[in-house]
1. What accessible area per residue comes out for the chain, rounded to a whole number of Å², with a 1.4 Å probe?
2. In degrees, nearest 10, range 0 to 90: what is the angle between the Cα axis of helix 26-40 and the longest Cα principal axis of the chain?
3. What is the helix-to-structure angle for 111-141, meaning the angle in degrees between its Cα long axis and the longest Cα principal axis of the chain, kept from 0 to 90 and rounded to the nearest 10?
4. In the range 1-112, carbon and sulfur make up what percent of the accessible area (probe 1.4 Å)?
5. For the pairs Lys12/Lys71; Lys22/Lys126; Lys12/Lys96; Lys33/Lys102; Lys22/Lys96, flag any whose C-alpha to C-alpha distance is greater than 26 Å.
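The values are calculated or read from the model by the stated rules, or taken from the named source; none is laboratory data. Treat the numbers as computed from the prediction; the structure is a model and nothing was measured. Ligands, DNA and RNA are excluded from the accessible area calculation, which covers all protein heavy atoms including side chains. Shrake-Rupley method; radii C 1.70, N 1.55, O 1.52, S 1.80 Å.
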Amino acid sequence: MSQLFRLPSAVKRDPSIDTWMKHHAGELGEIAKHWFEVMRGCGDDVREVLHDGHPTACVADAAFAYVNAFKSHVNVGFFRGAEIADPEGLLEGTGKFMRHVKLRPDRDFNATALRKLIDTAYTDMKERVQAELQRALLLSFE
């Protein structure tokens, strides 16, 4: 059984995300938009969907990261964040799989480290998707 969080409705560019961004104007919206653009730029296989009310980035249909804006902060979240390297200690949360980074407009943070986390989450999910495909191919030959 797959432990990947699949969102089969993910597409190359989801217009509902652009609508979400327009409804989240201001400083927090700009922060969310910036980091979602970083996710979009990870690779040609990145797809997206508005899931549970927030922009979600996928490798094919396997979710790897999201953004969400709240009253005083933005979360940049990772679906397998508990299992990726976080040498700068940015990740928060205690869930079995998910972790997030809280960004507040009035606080400095390590943007280079966050970009690296996004790249790591993307690469990790890409490897997981490829491994799952290989397992499925092997099973089909048995």
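1. I get 57 Å² per residue for the chain.
2. Roughly 20 degrees, rounded to the nearest 10.
3. 20
4. Values: 3110 of 6070 Å².
Of all accessible area on the range 1-112, carbon and sulfur atoms account for 51 percent.
5. Details: Lys12/Lys71 29 Å; Lys22/Lys126 30 Å; Lys12/Lys96 29 Å; Lys33/Lys102 14 Å; Lys22/Lys96 33 Å.
In this structure, Lys12/Lys71; Lys22/Lys126; Lys12/Lys96; Lys22/Lys96 exceed 26 Å between Cα atoms.
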